Amino acid sequence: MKLKTKDKTILLKTALHCALFIPAVWVFYLAMQDQLGADPVQAIIHFTGLSALKVLILGLVISPLAPKIKFIPLMQVRRLVGLYAFFYACLHLLSFFIFDLQLDWPLLLNEIVKRPYITVGMFAWLVLLILSVTSAMFVRRKLGKRWQPLHNLIYVTVPVVVLHFYWSLKSGWIEPAVYLLITLVLLSFRKQKIQRLFSHKSFSVQLKKQSIKQ
Amino acid sequence: MLIKKKGKNHLTEAQVTDESIYHQRRDLIKKMGFVGAGGLLASSNLASANPFSFFTKEEKPSFETKTLDFKSAILDEQKRTPEAKVISHNNFYEFGTKKSDPVENAQHFQVKPWQLKVHGEVNKPFTLNYDDLYKHLALEERIYRLRCVEAWSMVIPWLGFSLAKLIQQADPTSDAKYVAFETLHDKEQMPGQRSRFGGIHYPYVEGLRIDEAMNPLSFLAVGLYGKTLPPQNGAPIRLVVPWKYGFKSIKSIVSIKLVKHQPPTSWNQLAPKEYGFYANVNPDVAHPRWSQASERRITSGGLFDRNRIATLPFNGYGEDVAHLYKEMNLKKNF
């Protein structure tokens, strides 16, 4: 019996939920048992941050990949993946604030302002927050034409996340360079959309151009 | 600060147990079924910081440490960083850049034969071989805080002897203004030294001003927690300068050279705006990218341990070393 598209989507979503949620639970469990090395706070911050970046990249893979493999449910899981990226980003920020800074609000604000790598990290998190709260269908309908340009901000945000990662390292550039390379390759599939994001032309001019092309 | 004072219990060379007897005792203990503590700890969960390593656990040989005879310092057991953490969380890029790399990659490290040259602007240069390291000067225990520039710290019971005593034996000349240290350079044993993509220029080098080196706190450690150093902690001999950031405490030393001019130091070469020559622990001088005002003290707690503490000037050793920098601008000379 062949599965309906609807069922395939449910299966894919379930699989993604397992693959993306369970590692977080597992790592936190290990940390609480003091089985995450000598510095579990640092390990958790690094794990959640790097996971957020990896999930963001996973999200960027979907649109270029979908037409090539013709697996319809794939396009249906973009929001799920995006929200998981935000989920890990929240765990990352909360771990930093709760376990590292130990709930010191003035220290947090001071660090955000004084340390460039944290400033750009907060910028990235805020963008993910905005994208997350505007991800629901009813919000999308309300925003209409403005929704897509807003969500295209992700193309700027992922490189910023890589920069945040690079600036946080004591030394070494190879790992962030690899992530940057992957990100740039994935962004190259959206060259036109990104050019539009940076050009200051009004939306209607762009729509005109598009209709002329077609 | 806990330096054992020389009293009637002070051990002399003659009282240090002969090595052959050590091995016999160890053999006996082994035959009774107790695995060497080094072996147990190296394969503990703490040593593997990869939380998903279910399918990759292999039996790796462990470096054999031996117990040493020394007079212990009086200490508060609870405040020390557990030994398992001390030996599994290390920055020793010669064996890889992850904190868990040194314990995983250094177990095959050969410390015999070893040569530690004490030379340069001295009247009586000499070389210590492996056995000399433990016999040349009586061993004492010192419990020091080690503060990493990354803003974490540990409390470690080191075993060794005063750097000043060793230098005095070489009889430095009046031209000896600085002390330069060098780590072993052996790409076969230390895979991290083969890296061709930038990073530290090996061999790792460090330096102290002569008065810093002659300060009573400056320590050459040959052991920790009652045993010889595991390779990931800088076997067989390393420096401990507790009032400076940890990267000054150079590991696996092969050369101590008295020199006229300020010697190059590895992290300063790599990022001069971030790592200075002096590298005194100073909460008022931030690293360009992060604050040094506080640190996470690694103890026996886990994730919920409230272990963020204020960083003290000179890592709390100001009473013994602040006078060395009386006239200096510590913001400029960081």
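Read-outs throughout are calculated quantities, based only on the coordinates presented, and are distinct from any laboratory measurement. Here the structure is a predicted model, which is why all the values come from computation and not from measurement. Please note: Cβ atoms are built from the backbone with ideal geometry, for glycine as well, and neighbour counts cover all protein chains shown.
Quick look at the values:
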read-out	value
Computed P(r) (all Cα pairs; the stretch B:151-268; 5 Å bins; percent)	2, 11, 20, 24, 20, 14, 7, 2, 0
³J(HN,Hα) computed for each position of the stretch B:141-149 - Karplus, 6.51 cos²θ - 1.76 cosθ + 1.60, integer Hz, glycine/proline x	9, 9, 9, 10, 7, 10, 10, 7, 5
Pairwise FRET efficiency - A:I98 versus A:V160, Cβ, R0 = 22 Å, nearest 0.05	0.40
Expected-Rg normalisation [2.2 N^0.38 Å, Cα atoms] applied to chain A	1.14
Per-residue ³J(HN,Hα) for the stretch B:211-216, Karplus 6.51 cos²θ - 1.76 cosθ + 1.60, θ = phi - 60°, Hz, x for Gly and Pro	6, 5, 5, 8, 5, x
Ratio of Rg to Rh over the stretch B:94-205 (Cα coordinates, Kirkwood Rh, two decimals)	0.99
Two-site label geometry, A:Y29 and B:T173: point separation in nm, points 7 Å out along Cα→Cβ	6.7
Neighbouring partner chain Cβ atoms per residue of B:299-310, average, 10 Å criterion	5
Computed P(r) (all Cα pairs; the stretch A:2-77; 5 Å bins; percent)	3, 14, 18, 19, 14, 11, 9, 8, 4, 1, 0
Cα centroid separation - the stretch B:129-198 against the stretch B:278-334, whole Å	21
Label-point separation in nm, A:L126 to B:R209, each point 7 Å along Cα→Cβ	4.5
Pairwise label distance in nanometres, A:M137 with B:K112, each label 7 Å out on the Cα-Cβ vector	7.4
In the stretch B:171-240, trypsin sites (Lys or Arg not before Pro) in a DSSP loop with at most 11 other beta-carbon atoms within 10 Å	B:R196
Largest to smallest principal axis extent of the C-alpha atoms in the stretch B:274-322, angstrom	34, 28, 15
Test item: A:104-110 mean partner chain Cβ contacts at 10 Å	1
For residues of B:87-94, the mean tally of beta carbons on other chains within 10 Å	2
Residues whose placed amide H lies under 5 Å from that of B:V259, excluding near-sequence neighbours	B:E121, B:K177, B:Y178, B:V179, B:A180
Packing rank of A:18-25, B:278-285, A:53-60, where each peptide gets the mean count of other beta carbons within 10 Å, highest leading	A:53-60, B:278-285, A:18-25
Which of A:Y179, A:P40, A:T157, positive extreme of dipole for the stretch A:5-213 (C-beta unit charges)	A:T157
For the stretch A:54-156, fraction of C-alpha pairs farther apart than 16 Å, in %	65
Under-5 Å amide H pairs with B:V254, H placed in peptide plane, nonlocal only	B:E182, B:T183, B:L184
